[in-house]
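See structure below.
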Amino acid sequence: MSDDKSQIKIRFFTREKDESLQVQDTPMYVPIQLKRYGLSEIVNHLITSQNETGGFVATTPFDFLIDGQLLRSSLDDYLVKNGLSSEVSLDIEYTRAVLPPSFLSSFSNEDWISSVDVTSGIDTPQRSIITGSYDGIVRTWNLSGQVEKMYSGHSGPIRAVKFVSNTRLVSAGNDRTLRIWKTKNSPVQTSNDDDELNVEEGKTLAILEGHSAPVVSLDVSNETSRIISGSYDKSIGLWSTDYKEMTVVDPMDELNKSTNNKVSTAAKKRRKLALKDGSIRRRAPLSLLESHTGPVEQAIFDQNDNTVGYSVSQDHTIKTWDLVTARCVDTKTTSYSLLSIAQLKPLGLLACGSSARHITLHDPRADSSSAKITQQQLIGHKNFVVSLDTCPENEYMLCSGSHDGTVKVWDVRSNAPMYTITRENGETKDKIFATRWAEKIGIISGGEDKKVQINKGENIFKSEQ
């Protein structure tokens, strides 16, 4: 080991946008045995000395990264681990330290929870949690864990649910359909809405048909009033949040087209269900996007341009879609099945969860013929990574849910997780299916343990020391 009194040349830099946290990037020598706390003291001293007002400056705890690795030991240990000499010069990035995502609460459900979302918007000041469950029921919960409303109609497990507006929800499931639900009456009614007034709150406004296998993902663009769905039939559906914009479907069409009397059992079951829901309007997709050669696990809108979509599939590819022309405009091929996707909007990157247990970061603007499809890998999960969501407070952070029974919190400037969230009892035996990092609520997760769990995910930066 190096002598404790030896020093190493370093240079601090940060990507923090708050100018009061920035210091001059002048090289300096520091003791080689320093850890995070000692480095944090130095940065705070530099910030205080640069304070022109001469007034009190709150102490800010920092985390440190060297070449994309979070520093969790002394500088000396880092050098030894990476086979570096103390004569090297280190560029050390500092970033505000983040609080651990401590457990806040959990609510018990009747069956596995496949998907979670939250209500949002000016018209919904009291935020609620929305869950889709394997018992075929959509539920909305208040933050005290009470079920506010249940939406029943799907004939199989629900796989995806999304908030549309303060009067609408959309869900999708193994019964191959999407359903638009009426949550309450619109405060502004027009003469065209008279038929909607006849639909009770909590009932189905329209059944959206077009997929021929389970529908496992949904995303909503309120700017364009569009819904995008991903299905195991290898296609992506594009729909409207307003059923009046879509073509009417006759529920008996499939059987009427049959040229012989050999009608499958599945078709008979669908006919029976169609007759049961005969009074509910049915609509066809605006378009079905086909290019994938394997089941589509997730499809999302580009947050910067809602006429662009992205999808990931078990066929190992990420596809970019022009939703106006319904054409695939780019395909990036990886070496593993891709099971989830989220967009890191400010960074212009796509994060993809895989069957290979890692999360990969991709630049959708990069040339697909380039040898470097993957910009970075985040490694730490021990099973499939099936759900991703980004932090509303920090552009570099995201959370991931996995079949290894954990949710992990990441800073994409490091390839290792910052924190690991287990269930309330500390167990990890039950798969996680869904995660959502929601503003004013926290990190919400659900899965095989039939519980909605909330962990701290708001005001994530550590307070003054």
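The values are calculated or read from the model by the stated rules, or taken from the named source; none is laboratory data. Just so it is clear, the structure is predicted and the values come from calculations on it, not from any experiment. Cβ sites come from the backbone with ideal geometry, for glycine too, and all protein chains shown count toward neighbours. Surface areas here come from the heavy atoms of the whole protein model, side chains and all, with no ligands, DNA or RNA. Shrake-Rupley method; radii C 1.70, N 1.55, O 1.52, S 1.80 Å.
Of everything listed in (1) open to solvent by 50 Å² or more (accessible area, probe 1.4 Å); (2) under 30 Å from SER155 (Cα atoms); (3) modelled with pLDDT under 95, the single unmet condition for GLN33 is (2).
ARG281 falls short on exactly one of the conditions (1) modelled with pLDDT under 95; (2) buried (at least 23 other Cβ atoms within 10 Å of the Cβ); (3) not aromatic (Phe, Trp, Tyr), and that condition is (2).
Within segment 343-357, restricting attention to residues that are part of a strand (DSSP E or B) and open to solvent by 10 Å² or more (accessible area, probe 1.4 Å), the residue that is nearest to LYS332 (Cα to Cα) is LEU349. Within segment 408-446, the only residue that satisfies the criterion of being on the phi > 0 side of the Ramachandran plot and surrounded by 18 or more Cβ atoms within 10 Å (Cβ to Cβ) is GLY442.
How many of the residues making up segment 299-324 are more than 25 Å from ARG357 (Cα to Cα) and part of a strand (DSSP E or B)?
Within segment 299-324, residues that are more than 25 Å from ARG357 (Cα to Cα) and part of a strand (DSSP E or B) number 3.
Is there a residue being among the aliphatic types (A, V, I, L, M), in a loop (DSSP other than H, G, I, E, B), at negative phi and at pLDDT below 90 anywhere in segment 376-399? Full working, then the answer.
Of segment 376-399, the ones among the aliphatic types (A, V, I, L, M) are 378-379, 385-386, 388, 397-398.
Of the ones still in play, those that are also in a loop (DSSP other than H, G, I, E, B) are 379.
Next cut, at negative phi only: 379.
Now narrow it down to the ones that are at pLDDT below 90: none.
No, segment 376-399 contains no residue that is among the aliphatic types (A, V, I, L, M), in a loop (DSSP other than H, G, I, E, B), at negative phi and at pLDDT below 90.
Among the numbered conditions (1) modelled with pLDDT of 90 or more; (2) within 29 Å of PRO346 (Cβ to Cβ), the only one that GLU19 does not meet is (1).
Out of curiosity, is LYS372 part of a loop (DSSP other than H, G, I, E, B) and either modelled with pLDDT under 95 or in contact with a helix residue (DSSP H, G or I) (Cβ under 9 Å, 6 or more places away or on another chain) (or both)? Step through it out loud before you land on a result.
On the way: part of a loop (DSSP other than H, G, I, E, B): yes; either modelled with pLDDT under 95 or in contact with a helix residue (DSSP H, G or I) (Cβ under 9 Å, 6 or more places away or on another chain) (or both): yes.
Judged against the criteria, LYS372 is a match.
Elements of the type strands (runs of 3 or more DSSP E) sitting completely within segment 105-172 and holding at least 2 residues that are polar (S, T, N, Q) and at pLDDT 95 or above: these cover 113-118, 129-133.
Before we move on, is ILE443 touching a Pro at 6+ places or on another chain (Cβ under 6 Å) and modelled with pLDDT of 95 or more?
Values: touching a Pro at 6+ places or on another chain (Cβ under 6 Å): yes; modelled with pLDDT of 95 or more: yes.
Yes, satisfied.
Of everything in segment 110-159 that is of a type in the set (Phe, Trp, Tyr) and open to solvent by 10 Å² or more (accessible area, probe 1.4 Å), the residue that is nearest to SER229 (Cα to Cα) is TYR134. Against the numbered list (1) under 19 Å from TYR94 (Cα atoms); (2) assigned to a strand (DSSP E or B); (3) over 12 Å from the mean Cα position of the chain (by Cα), ARG413 comes up short only at (2).
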